[in-house]
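Inspection log for the structure reproduced underneath, given as structure tokens.
The values are calculated or read from the model by the stated rules, or taken from the named source; none is laboratory data. All of these numbers come straight from a predicted model, not from anything done at the bench. Ideal geometry is used to build each Cβ from the backbone, glycine not excepted, and the neighbour counts take in all protein chains shown.
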Amino acid sequence: MSAATTRSRTPDRLCAEAVDLARAAAEEAAAPGVVGEHEGMVSEGDRVVTHFFGCRELGYRGWRWAVTVARASRAKVVTVDEAVLLPGPDAVLAPEWVPWSERLRPGDLGPGDLLPTEADDLRLEPGYTGAEEPPPNSALTEDLADLAETEDAEVTGNTPAEQTVAPSRGSIAAVAEELGMRRARVLSRYGLHAAADRWEEAFGPKTPMAQAAPASCVSCGFLAPIGGSLGQAFGVCANEFSPADGRVVSLAYGCGGHSEAAVMPKPPQPAPPVIDETRVDPFPLRPSPDSGSVPATEDASSADLGHS
């Protein structure tokens, strides 16, 4: 270890003794009565020492006033370099700042809010190309791109969609506009898969509702199909009593509101009576003697009792 390093770690005696000078500097920078007791010092280098004082101001628990003092070589006078309020080891700090693009969550967008997309957003790709059109993944025309690069560009009253330049006749953009397909950017494969993963997680076959469903949505009459490649795996629920009403659901999803889950059976109807008036069936009041139900001969006792 060199002698210079040893001297830098050893506080300068005059600077270390300048506690009153450091306190006066802290009280001058702070509000009256918020500078606390002396909490130590640290050597910053040759003839440079930082004194720490407690902070009594509300809302700054654990913070310290740091006053750095120094003196020139071979000088006897100590001077103040700076006085700042710094957080201590146990200070209450605000959470680390996170850009708005990383803080945004689904559902945060409210009425009147604008959510701009980056020019190189991985979820989008060019919808059409042409020599006079913007480069891939560009959301602006050439005129608007020049306007956006201007540092002091004035904000115009119209929306970006109203400021686009009309395509020249016969160009790819003109044909796309006539066909109703003039979109600067469309979903990329990454954006398509990301959306499918979200929908699959929210209304997919692994959800508790789908696990207890009597059947899947692919056979439900309330499923409204959608076009494109997503239509092979998803649809829109149109059952007002379903928890997924108006949502994009997986074809493997299901709920208790399935159209064929509980078809009410028809009440049983009794058979209509059959009346035949074309024939008469004779019913004898007395059986035939040779029917075998009674003996052919009668005795006196049975005759008296009225037996036939």
Q.
Tell me whether the range 128-140 contains one or more residues that are surrounded by 12 or more Cβ atoms within 10 Å (Cβ to Cβ) and at pLDDT 85 or above.
A. no
Q.
For a quick check of your reading of the model, give me the residue pairs whose first member lies in the range 60-74 and is under 17 Å from Glu44 (Cα atoms), whose second is hydroxyl-bearing (Ser, Thr, Tyr), with beta-carbon atoms closer than 8 Å and at least 6 apart or on different chains.
A. Ala66/Thr50; Val67/Thr50; Thr68/Thr50; Val69/Thr50; Val69/Thr79; Ala70/Thr79; Arg71/Thr79
**Q.** Residues of the range 42-67 satisfying the condition of being surrounded by fewer than 20 Cβ atoms within 10 Å (Cβ to Cβ) and farther than 17 Å from Ala91 by Cβ
**A.** Ser43, Glu44, Gly45, Asp46, Val48
Q.
Which residue is surrounded by the most Cβ atoms within 10 Å (Cβ to Cβ), if the candidates are limited to the range 254-284 and must be modelled with pLDDT of 75 or more and of a type in the set (Gly, Ala, Ser)?
A. Gly254
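Anything in the range 108-124 that is in a loop (DSSP other than H, G, I, E, B) and within 20 Å of His193 (Cα to Cα)? List them, or say none.
We begin by selecting, within the range 108-124, every residue in a loop (DSSP other than H, G, I, E, B); these are 108-123.
Result: Thr117, Glu118, Ala119, Asp120, Asp121, Leu122, Arg123.
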(Q) Whether any residue in the range 198-219 is at pLDDT below 90 and aromatic (Phe, Trp, Tyr) is what I want to check. (A) no
